[in-house]
Amino acid sequence: MNCVIFKIYSRHKDEIVVKYKSIFWFKAVMDLNKILVLHGPNLNLLGKREPEIYGSMTIDDINSMLKAEASKAGFTLDARQTNHEGVLVDEIQAANGKYDFIILNAAAFTHYSIAVRDAIAAIAVPTIEVHLSNIHKREEFRHNSVIAPAVVGQICGFGADSYFAALQVVIRQLNREAGK
Ligand code: DQA
């Protein structure tokens with residue numbers, strides 16, 4: 001008798017039922033293994049924007065290296081940038097049920113956007129806050145993050161490595177949850 005074994009595991013319980021040769025039904029549960037990186041306003045200018053603070057890597061450099069790292073570990077990583085607060089809120093809401101983790105650099109929105117904070121709190125996807133610069137060492141208005149109470153944790157001050165450190169945390173946490 002033919003038998004197909006699907007990996008049965010899910011964080012999100014998205015179910016697919018596969019009919020095999022019209023006789024056997026196999027129930028497979030999708031494991032998303034997907035990470036979303038969101039970059040907020042002005043981060044499209046990375047590489048050109050105040051390189052003494054934010055470094056010389058462009059957003060495309062960072063995204064492609066993150067994708068490569070994630071893929072080596074068996075994860076899919078999508079990355080998007082927006083300069084618009086409402087678009088960022090839409091992206092966060094749309095991530096619910098589609099991604100396992102969000103790595104978010106909300107840039108200037110970090111310091112005042114209650115809408116971004118509420119969007120993070122409204123969804124079930126855990127979020128890590130990242131910043132290239134050490135926001136606590138800079139101007140006073142950057143010291144407060146209104147999104148911090150809604151995220152799992154914050155990594156800042158390591159330049160582009162803040163994103164890579166966040167990705168390592170995400171990979172370790174998701175592997176641990178999956179019992180790997
Ligand atoms: C930033 C820090 C924010 O204060 C600033 O508004 C940014 C970038 C960072 O990555 O260091 O745009 O989030």
Margin query: Go through (1) crowded, with 16+ Cβ neighbours inside 10 Å; (2) near the ligand (Cβ under 9 Å from one of its atoms) for Val146 and report which single condition fails.
Written below: (2)
Notebook entry, point to check: Counting residues that are more than 16 Å from the ligand (Cβ to nearest atom), which helices (runs of 4 or more DSSP H) fully inside segment 50-131 reach at least 1?
Noted result: 59-72, 85-95, 114-122
Note to self: Is it the case, given these coordinates, that Gly179 is small (Gly, Ala, Ser), in contact (Cβ under 8 Å) with a residue 24 or more places away in the chain and at positive phi?
What the structure shows: no
Notebook entry, point to check: Looking at Thr82, Thr110, which is the one that is crowded, with 21+ Cβ neighbours inside 10 Å, modelled with pLDDT of 95 or more and hydroxyl-bearing (Ser, Thr, Tyr)?
Noted result: Thr110
Notebook entry, point to check: Got a number for residues in segment 141-180 being acidic (Asp, Glu) and modelled with pLDDT under 95?
Noted result: 1
Next item on the list: Would you mind telling me which numbered condition in (1) more than 14 Å from the ligand (Cβ to nearest atom); (2) buried (at least 20 other Cβ atoms within 10 Å of the Cβ) Leu38 fails?
Entry: (1)
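The values are calculated or read from the model by the stated rules, or taken from the named source; none is laboratory data. All values derive from a computational prediction rather than experimental measurement. In this analysis, Cβ positions are derived from the backbone assuming ideal geometry, glycine residues included, and neighbour counts consider all displayed protein chains.
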